[in-house]
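All remarks here apply to the structure that follows.
The values are calculated or read from the model by the stated rules, or taken from the named source; none is laboratory data. Keep in mind the model is a prediction, meaning the values are calculated, not measured. Positions of Cβ are backbone-derived with ideal geometry, glycine not excepted, and every protein chain shown enters the neighbour counts. We work out accessible area using only protein heavy atoms, side chains counted, and drop any ligands, DNA or RNA first. Shrake-Rupley method; radii C 1.70, N 1.55, O 1.52, S 1.80 Å.
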Amino acid sequence: MLLLALAMLADPVVQPPPIERCGYRIVQTFPHDATSFTQGLFWEDGHLYEATGQYGQSRVARLDLQTGKALAETKLPADQFGEGITRWGNQIIGVTWQGGIGNRWSIKDLKPVGTFKYEGEGWGLTMVGDSLVLSDGTPDLRFFDPATMKEQKRVTVRFGDRPIPMINELETIDGQIWANVWMTDFILRIDPVTGNVVSLVDLSTLKADAGVSGTDSVLNGIAWDAKKKRLFVTGKNWPKLYEIALADCR
């Protein structure tokens, strides 16, 4: 299924005409901690917030954009593999890969303020309106009440008529969900109501610019500075973080 999806994404011949395809241009390049196995990323009040994975190495951190260094951080328990994060009110909410354990931290000082449980895997997180949206490696996006973690609904991500698995890190920009697709160089822009992919962003040359190789060093991490309209992306164990702009959309 994944190979079919990747072939479909890479081949413009089979793309339905209404789905826009965009390239990118690099606006600025910033340093990024190459030891960070980036799982979640968002921008808030002048700083990047990042969640990283790997057992014994997972953390949530507030980063300085210019240096890439952590200004504050909290490590996850050694038996938790950190995944996506998002802001909800005065909290950061995060999920873990296979443990079914979610965490809440104070955005002020990153101190833990609670935990919760959910079924299935945790991959990416974002807020859409008042709902917390979770990706879990399947084509489905799951919507929750962030206060109670009661599941509200599911929406299947589709490229044309085909469901797309491996939906990973999430970000909400102007009402659309932007999503990394694991093991690809694409970002999908998704209608959160229908699950339909409305645009595909091709970042296939960015990994080479970052100077990374290997199957784990994939594109993952999308953050949006709504005030200044800046789009940031990075990858797992990348030494660079990029501000990019879309280009050559067609």
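Assorted remarks:
- Cβ-Cβ contacts under 7 Å between residues 6 or more apart (or on different chains), taken from a first residue in the stretch 128-140 that is hydroxyl-bearing (S, T, Y) to a second residue that is part of a loop (DSSP other than H, G, I, E, B) and surrounded by 23 or more Cβ atoms within 10 Å (Cβ to Cβ), are listed as S135/W123; S135/G124.
- Considering the stretch 201-240, the residues that are touching a Leu at 6+ places or on another chain (Cβ under 7 Å) and of a type in the set (G, A, S) include one that is surrounded by the most Cβ atoms within 10 Å (Cβ to Cβ), namely G221.
- Residue in the stretch 14-32 that is modelled with pLDDT of 90 or more, outside any strand (DSSP E or B) and either open to solvent by 40 Å² or more (accessible area, probe 1.4 Å) or over 20 Å from K229 (Cα atoms) (or both) present: yes
- Hits in the stretch 160-174 - residues which are more than 15 Å from the chain's Cα centre (by Cα), open to solvent by less than 50 Å² (accessible area, probe 1.4 Å) and farther than 23 Å from G53 by Cβ: G160, P163
- Scanning the stretch 60-75 for residues that are touching a residue at least 24 places away in the same chain (Cβ under 8 Å) and open to solvent by 20 Å² or more (accessible area, probe 1.4 Å) yields R62, Q66, T67, K69, A70, L71, A72, E73, T74.
- Among the residues making up the stretch 39-59, those that are of a type in the set (D, E, K, R) and surrounded by fewer than 24 Cβ atoms within 10 Å (Cβ to Cβ) are E44, D45, R59.
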